[in-house]
Amino acid sequence: MSSVVVRRLMATMPNTMSIKQGLSLWCPQSAVLNRISRVSVPSRSFRRSFVAASSFDNENREYVVVGGGNAAGYAARTFVEHGQANGKLCIVTKEPYAPYERPALTKAYLFPLDKKPARLPGFHTCVGAGGERQTPDWYKEQGIEMLYEDPVTGIDIEKQTLTTNSGKLLKYGTLIIATGCTASRFPEKIGGNLPGVHYIRDVADADSLISSLGKAKKLVVVGGGYIGMEVAAAAVAWKLDTTIIFPEEHLLSRLFTPSLAQKYEQLYQDSGVKFVKGAKIKHLESGPDGRVTAVKLEDGSSIETDTVVIGIGAKPAVSPFDMVGLNNTVGGIEVDGQFRTNIPGIFAIGDVAAFPLKIYNRIARVEHVDHARKSAQHCIKSLLTAHTHTYDYLPYFYSRVFEYEGSSRKVWWQFFGDNVGEAVEVGNFDPKVATFWIDSGKLKGVLLESGSPEEFQLLPKLARSQPSVDIAKLQNASSVEEALEIAQASL
């Protein structure tokens with residue numbers, strides 16, 4: 001009997017004994033093979049099992065990961081580290097590429113060709129965290145089955161099967177949902193799908209934008225968050241007439257204080273970027289050829305353009321897993337501290353997971369590469385071992401822009417913690433500036449621009465410890481270095 005037939009047969013046999021959700025004792029394969037070898041004449045039930053096993057389109061069925069982003073790549077690495085990938089793990093993705101470090105798409109990937117842009121395979125996971133570059137060949141070598149360009153469109157929880165867009169029927173023992181997010185889009189009726197209008201979530205999106213940037217003269221970026229800031233910074237390298245439009249009063253309003261935002265806005269303006277703040281868009285206009293030509297605002301004014309990038313946030317990609325259990329407050333699939341959903345044997349990780357944020361005692365959904373990596377590692381470790389610790393994540397955000405060759409000023413900031421309470425800003429952005437958030441006398445969050453490695457390493461220690469600090473001393477600090485020393489002394 002061939003090894004393929006044996007594996008298919010084993011996938012249909014009741015060879016597990018559940019001890020807890022996500023942890024099983026598997027019968028040794030030799031025991032199963034011995035049972036098979038003693039069958040001299042296949043019974044009808046054996047033949048039915050064989051036919052059933054043959055009807056599935058994935059060879060590896062013990063663990064199935066749906067999604068091909070950061071979380072999937074780091075999950076694969078963790079399976080390999082525990083010796084549970086070879087012949088057991090299948091990853092199903094809508095993309096034609098092996099998992100990669102998605103943040104590159106709005107940073108170095110958008111650099112002009114003469115500025116040494118990032119390209120695959122250079123940023124496959126897990127290089128972003130200092131790990132091995134997991135190319136398609138790496139997955140083959142590890143015995144991981146990869147199903148590319150075939151998104152999952154349906155699930156049968158009772159039968160533990162998935163259906164894909166191409167019609168494949170996949171079997172799973174344990175399912176890990178790592179579908180991430182999809183870009184929020186403008187409605188078609190206001191021009192959201194016009195030629196020249198771009199959204200960025202994957203390599204194909206970024207390639208399409210690069211093609212437009214090479215021909216563009218005027219770029220409008222809609223949204224003053226991470227995507228907007230990073231795309232606009234890249235556009236400076238393309239020497240484009242660039243305008244950022246957003247409804248808020250300042251950049252990155254969910255995190256930056258007005259004073260901090262003003263410093264970054266001035267840096268962008270010094271590079272030729274224009275801002276239209278507090279603006280709402282009525283619709284996008286097109287020319288005779290159907291391509292976008294202008295952005296019409298609700299106040300009646302128009303901004304001419306030939307290329308538009310929409311960066312107005314993202315939505316958790318929960319379909320077709322709605323029935324697994326959603327969180328209606330923060331969105332996404334609700335999980336516990338080990339990323340278990342309400343359905344035994346089904347987990348959710350990364351951007352799509354609504355999880356208990358232990359440090360602040362609330363349910364959160366975090367769209368960030370750091371959480372994608374750590375949630376994947378925590379989930380798979382909990383699944384494969386006796387590890388029962390609750391995920392204890394410290395919110396972390398960062399951005400790196402203007403890092404291309406020839407840039408007069410590189411920007412790299414990091415934030416840890418929670419931006420609640422009174423904000424104390426220290427430094428004059430030459431290049432350092434720090435903001436400390438103090439609530440009820442305790443340091444809750446801290447942001448630092450252009451810190452040294454040692455200074456950046458101090459930030460998570462401060463945010464996690466939440467020490468009591470003398471706010472007057474921070475306010476009177478003459479430099480970022482002095483302010484950090486004051487905060488460190490409070491640990």
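The values are calculated or read from the model by the stated rules, or taken from the named source; none is laboratory data. Please read these numbers as outputs of a predicted model, since none were measured by experiment. Cβ atoms come from the backbone with ideal geometry, glycine included; neighbour counts cover every protein chain shown. Only protein heavy atoms, including side chains, enter the accessible area calculation; ligands, DNA and RNA are left aside. Shrake-Rupley method; radii C 1.70, N 1.55, O 1.52, S 1.80 Å.
Inspect all residues belonging to region 245-266 and state whether any of them is assigned to a strand (DSSP E or B) and modelled with pLDDT of 95 or more. Lay out the reasoning, then the answer.
Residues of region 245-266 that are assigned to a strand (DSSP E or B), as a first pass: 245-246.
Next, only the ones that are modelled with pLDDT of 95 or more stay: 245-246.
Yes, region 245-266 contains a residue that is assigned to a strand (DSSP E or B) and modelled with pLDDT of 95 or more.
Name every residue in region 435-460 that is aromatic (Phe, Trp, Tyr) and surrounded by fewer than 21 Cβ atoms within 10 Å (Cβ to Cβ), in order of residue number. Steps first, please.
Let us first name the residues in region 435-460 that are aromatic (Phe, Trp, Tyr), namely 436-437, 456.
Within region 435-460, just Phe456 meets the criteria.
Among the residues of region 150-167, what is the count of those that are assigned to a loop (DSSP other than H, G, I, E, B) and surrounded by 14 or more Cβ atoms within 10 Å (Cβ to Cβ)?
So the first thing to find is which residues in region 150-167 are assigned to a loop (DSSP other than H, G, I, E, B), and the list is 150-151, 157-160, 165-167.
Right, trim to surrounded by 14 or more Cβ atoms within 10 Å (Cβ to Cβ) and you get 150-151, 157, 160.
Here the count works out to 4.
Quick check, is Glu95 of a type in the set (Asp, Glu), surrounded by 17 or more Cβ atoms within 10 Å (Cβ to Cβ) and assigned to a loop (DSSP other than H, G, I, E, B)?
Values: of a type in the set (Asp, Glu): yes; surrounded by 17 or more Cβ atoms within 10 Å (Cβ to Cβ): yes; assigned to a loop (DSSP other than H, G, I, E, B): yes.
When the stated conditions are applied, Glu95 passes them.
Looking at region 116-132 only, could you name the residues that are buried (at least 17 other Cβ atoms within 10 Å of the Cβ) and either out of contact with any Lys or Arg (no Cβ under 9 Å at 6 or more places or on another chain) or of a type in the set (Val, Ile, Thr) (or both)?
Once the filter is applied, which keeps residues that are buried (at least 17 other Cβ atoms within 10 Å of the Cβ) and either out of contact with any Lys or Arg (no Cβ under 9 Å at 6 or more places or on another chain) or of a type in the set (Val, Ile, Thr) (or both), region 116-132 yields Pro117, Thr125, Val127.
Only one of these is surrounded by fewer than 21 Cβ atoms within 10 Å (Cβ to Cβ), part of a strand (DSSP E or B) and at pLDDT 95 or above: Val276, Val220. Name it. Steps first, answer last, please.
Working: Val220 fails: surrounded by fewer than 21 Cβ atoms within 10 Å (Cβ to Cβ).
Matching residue, one of Val276, Val220: Val276.
Residues checked against (1) β-branched (Val, Ile, Thr); (2) without any contact (Cβ under 8 Å) to a residue 24 or more places away in the chain:
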position: Gly130; (1), (2): no, yes
position: Gln142; (1), (2): no, no
position: Ile157; (1), (2): yes, no
position: Thr163; (1), (2): yes, yes
position: Lys171; (1), (2): no, no
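What are the residues in region 192-213 that are touching a residue at least 24 places away in the same chain (Cβ under 8 Å), of a type outside the set (A, V, I, L, M, F, W, C) and not in a strand (DSSP E or B), if any?
Of everything in region 192-213, those that are touching a residue at least 24 places away in the same chain (Cβ under 8 Å), of a type outside the set (A, V, I, L, M, F, W, C) and not in a strand (DSSP E or B) turn out to be Gly192, Pro195, Gly196, Tyr199, Arg201, Asp202, Asp205, Ser212.
Considering only residues of region 410-434 that are buried (at least 16 other Cβ atoms within 10 Å of the Cβ) and among the β-branched types (Val, Ile, Thr), which is nearest to Ile227 (Cα to Cα)? Steps first, answer last, please.
In the first step, residues of region 410-434 are kept if they are buried (at least 16 other Cβ atoms within 10 Å of the Cβ); the result is 411-419, 421, 423-427, 429, 432-434.
Okay, now just the ones that are also among the β-branched types (Val, Ile, Thr), so 411, 424, 426, 433.
Working: Val411: 15, Val424: 26, Val426: 26, Val433: 22 Å.
Per the stated criteria, the residue is Val411.
Mind listing whichever residues of region 168-191 are among the small types (Gly, Ala, Ser) and either surrounded by fewer than 16 Cβ atoms within 10 Å (Cβ to Cβ) or assigned to a helix (DSSP H, G or I) (or both)? Walk me through how you get there before you give the answer.
Residues of region 168-191 that are among the small types (Gly, Ala, Ser), as a first pass: 173, 178, 180, 183-184, 191.
The answer is Ser184, and nothing else.
Looking only at residues that are free of Cβ contacts under 8 Å to residues at least 24 places away in the same chain and among the charged types (D, E, K, R) in region 224-266, which one is surrounded by the most Cβ atoms within 10 Å (Cβ to Cβ)?
Glu265
May I ask you to list the residues in region 104-113 that are open to solvent by 20 Å² or more (accessible area, probe 1.4 Å) and either outside any helix (DSSP H, G or I) or touching a residue at least 60 places away in the same chain (Cβ under 8 Å) (or both)?
Correct list: Lys107, Ala108, Phe111.
Starting from residues that are buried (at least 24 other Cβ atoms within 10 Å of the Cβ) and without any contact (Cβ under 8 Å) to a residue 40 or more places away in the chain, keep the ones in region 331-352 and report whichever is farthest from the chain's Cα centre (by Cα).
From region 331-352, those buried (at least 24 other Cβ atoms within 10 Å of the Cβ) are 332-333, 335, 339, 346-352; that's our starting set.
This time we only want the ones that are without any contact (Cβ under 8 Å) to a residue 40 or more places away in the chain, so: 332, 335.
On the way: Gly332: 13, Val335: 17 Å.
Within region 331-352, the match that is farthest from the chain's Cα centre (by Cα) is Val335.
Select from region 302-325 the residues that are farther than 30 Å from Thr243 by Cβ, open to solvent by less than 10 Å² (accessible area, probe 1.4 Å) and within 20 Å of the chain's Cα centre (by Cα) and list them in ascending order.
If the condition is that a residue be farther than 30 Å from Thr243 by Cβ, open to solvent by less than 10 Å² (accessible area, probe 1.4 Å) and within 20 Å of the chain's Cα centre (by Cα), then Phe321 is the only one that fits.
Return only the number of the condition from (1) part of a strand (DSSP E or B); (2) free of Cβ contacts under 8 Å to residues at least 40 places away in the same chain that Arg119 does not satisfy.
Evaluating Arg119 over (1) part of a strand (DSSP E or B); (2) free of Cβ contacts under 8 Å to residues at least 40 places away in the same chain leaves (1) as the failure.
If you scan region 366-409, which residues turn out to be surrounded by fewer than 22 Cβ atoms within 10 Å (Cβ to Cβ), out of contact with any His (no Cβ under 6 Å at 6 or more places or on another chain) and charged (D, E, K, R)?
Within region 366-409, Glu367, Asp370, Asp392, Arg400, Glu403, Glu405, Arg409 meet the criteria.
Residue pairs, Cβ under 8 Å, 6 or more apart or interchain, first in region 295-322 and farther than 30 Å from Ala71 by Cα, second small (Gly, Ala, Ser) and open to solvent by 50 Å² or more (accessible area, probe 1.4 Å). List them.
Val295/Ser302; Lys296/Ser302
Answer yes or no as to whether Thr293 is closer than 30 Å to Lys94 by Cβ and of a type in the set (S, T, N, Q). Break it down into steps so the answer makes sense when it comes.
On the way: closer than 30 Å to Lys94 by Cβ: no; of a type in the set (S, T, N, Q): yes.
No; evaluated as a whole, the condition is false for this residue.
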